Amino acid sequence: MSGFATGSTSKPRVLFVDDESRILDGLRRSLRVKRNEWEMAFAVEGAEALEMLARDPYDVVVSDMRMPRMNGAELLTNISREHPHIARVVLSGHVEPDTAIQVAVAGHRFLTKPAEVTSLIAVIEQMLFRTSSAHQDAARRLAGGVRAIPTLPEHTERIAALLAPDASLTGAVQTVMHDVGLTAKLLQLSTSTFFGARPRNSSIESIVHAMGLPTVQAVAGAGHELRSTEPWDPEIEQHLRVAWRHAMATASLAGSMASPANRPYAQAAALMQDVGQLICLAEIGADQRAGLDLAAGSRDGVPFRDVGVELLHLWGLPAPVISAVAQRDRPHTPDPSGLGVAGAVRVAHLLIRQTRPGGPETDAHAAELTALLSHPQLAAQNLDWRESAASAAREAGL
């Protein structure tokens, strides 16, 4: 592990913020076992924390929510703007619903008090890890400042309908499943007891039903308020529109290919396969394209995929989802006992690509596709998967 704020030869730095001195004293005692591995600092209010961040670099901030003068949501929002490379962890007791939504936007991970010290250490260790071996700090900066993933302009009517007083839970499920940002955010929140933790392989539909319409509307509304009203660059908007339709078609096909236990993972990973593109390209005007390379799929030399994987890691999405997104463009040899999440996403992605006009020739990846399609998990279903791919592509508008 490297790429810490203080350099690869220094210890990672963690800042704890809480207005109760006894809480900070308890953290000092319980985390003494990490004193040889981390440099730890403690602040009793948000203003003091910001002063410390201005003086010295840190890798992770762990903050309470209910503090006087500057609450935790305000502190973490400031950090997301001024220090996007810093991972933001919420450690708090009961919070009111309105504050919980602010937390959902401002933080990366969420823990409730009193937290088991092993759980706190595990989360901090995860936050210190960088998923990109070649672009550690750059990928973290681009991903770390993201509080809400943008919605394509053509989907704003769906969001407006979700926020309307007569919205239904059934409609909410469809809106979430058509929006990468809402899918990712609800998966992030679904692992926290703040929002009623669910099993990690829960489907989007079950998560929406468990959270309830008011919470889903509040999360969607908070994200909507963060989005720019400036018109998108037409070329970039079209590029992202095609990527989104490809993701929808891939999610439909991968869901059919995956085992029942892996289906929610495969659908989520397929839907979010190009989340890095959305982060790096969305809401960029024609005069802000310096550093973008659409052909290479990078921004400032950092691959879009590295940025997307880093964000999903920061948000704590399930490991099979992150792994499948990271491995989408790598040749895949599945285990004979099961196709796996990454295998389902990979084969679905390749098949959907071949249905697109002007896409790869049909013999591209021919040997790999033949091997994947002959896998017992797919062969047993006795389906024409190429025709299924063509149908999924048509339904997605490709």
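Of all the listed residues (Asp384, Asp335), the sole one being loosely packed, with under 12 Cβ neighbours inside 10 Å and closer than 18 Å to Thr250 by Cβ is Asp384. All conditions but one from (1) among the aliphatic types (A, V, I, L, M); (2) in the same structural domain as Trp38 (by TED's automatic domain parsing); (3) assigned to a loop (DSSP other than H, G, I, E, B); (4) touching a helix residue (DSSP H, G or I) at 6+ places or on another chain (Cβ under 7 Å) apply to Val105; the one that does not is (3). Out of the residues in region 11-66 meeting the condition of being over 27 Å from Asp137 (Cβ atoms), outside any helix (DSSP H, G or I) and charged (D, E, K, R), tell me which one is modelled with the lowest pLDDT. Within region 11-66, the match that is modelled with the lowest pLDDT is Arg66. The criterion of being over 21 Å from Gly145 (Cα atoms) and in the same structural domain as Leu369 (by TED's automatic domain parsing) does not hold for Pro303.
Each row is one residue, and each column tells you yes or no for (1) among the small types (Gly, Ala, Ser); (2) surrounded by fewer than 20 Cβ atoms within 10 Å (Cβ to Cβ); (3) not assigned by TED's automatic domain parsing to the domain that holds Arg32; (4) not in a helix (DSSP H, G or I).
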position: His85; (1), (2), (3), (4): no, no, no, yes
position: Val90; (1), (2), (3), (4): no, no, no, yes
position: Pro114; (1), (2), (3), (4): no, yes, no, yes
position: Ser119; (1), (2), (3), (4): yes, yes, no, no
position: Ile124; (1), (2), (3), (4): no, no, no, no
position: Ala139; (1), (2), (3), (4): yes, no, yes, no
position: Ala160; (1), (2), (3), (4): yes, yes, yes, no
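Select, from Ala367, Ala392, Ala396, the only residue that is farther than 22 Å from Gln126 by Cα, touching a Ser or Thr at 6+ places or on another chain (Cβ under 6 Å) and either at pLDDT 95 or above or not polar (S, T, N, Q) (or both). Only one candidate qualifies: Ala392. When residues of region 228-264 are filtered for being aromatic (Phe, Trp, Tyr) and in a helix (DSSP H, G or I), how many remain? The qualifying residues number 1. Exactly one residue out of Gly343, Gly308, Gly338 is of a type outside the set (Val, Ile, Thr) and touching a Cys at 6+ places or on another chain (Cβ under 9 Å): that is Gly308. Restricting Ala222, Ala268, Ala218 to residues that are assigned to a helix (DSSP H, G or I), modelled with pLDDT under 85 and within 24 Å of Arg109 (Cα to Cα) narrows the list to Ala222. Does any residue of region 60-73 turn out to be over 28 Å from Arg29 (Cα atoms) and either assigned by TED's automatic domain parsing to the domain that holds Val216 or not hydrophobic (A, V, I, L, M, F, W, C) (or both)? The answer is no, given that none of the residues of region 60-73 is over 28 Å from Arg29 (Cα atoms) and either assigned by TED's automatic domain parsing to the domain that holds Val216 or not hydrophobic (A, V, I, L, M, F, W, C) (or both). The residue that is farthest from the chain's Cα centre (by Cα), among those in region 302-361 that are of a type in the set (Asp, Glu) and assigned to a helix (DSSP H, G or I), is Asp306. Only residues that are farther than 15 Å from Ala270 by Cα and surrounded by 21 or more Cβ atoms within 10 Å (Cβ to Cβ) were counted in region 316-331, giving 1.
Among the conditions (1) under 20 Å from Gln354 (Cβ atoms); (2) crowded, with 22+ Cβ neighbours inside 10 Å; (3) of a type in the set (Val, Ile, Thr), Ile279 misses just one, which is (1). Taking first residues from region 67-80 that are of a type in the set (A, V, I, L, M, F, W, C) and partners that are in a loop (DSSP other than H, G, I, E, B), the Cβ contacts under 7 Å between residues at least 6 apart in sequence or on separate chains come to Met67/Asp19; Met67/Glu45; Met70/Glu45; Ala73/Met65; Leu76/Gly107; Ile79/Ile86.
Quick grid of which residues meet (1) crowded, with 24+ Cβ neighbours inside 10 Å; (2) closer than 30 Å to Gln377 by Cα; (3) not assigned by TED's automatic domain parsing to the domain that holds Glu387:
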{"residue": "Thr250", "(1), (2), (3)": "yes, yes, no"}
{"residue": "Leu253", "(1), (2), (3)": "yes, yes, no"}
{"residue": "Arg263", "(1), (2), (3)": "no, yes, no"}
{"residue": "Leu292", "(1), (2), (3)": "no, no, no"}
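Does Ala143 qualify as being of a type outside the set (Phe, Trp, Tyr) and either modelled with pLDDT under 85 or under 25 Å from Arg81 (Cα atoms) (or both)? In short, yes.
The values are calculated or read from the model by the stated rules, or taken from the named source; none is laboratory data. As the structure is a prediction and not an experimental result, all values here were calculated from the model. Cβ atoms come from the backbone with ideal geometry, glycine included; neighbour counts cover every protein chain shown.
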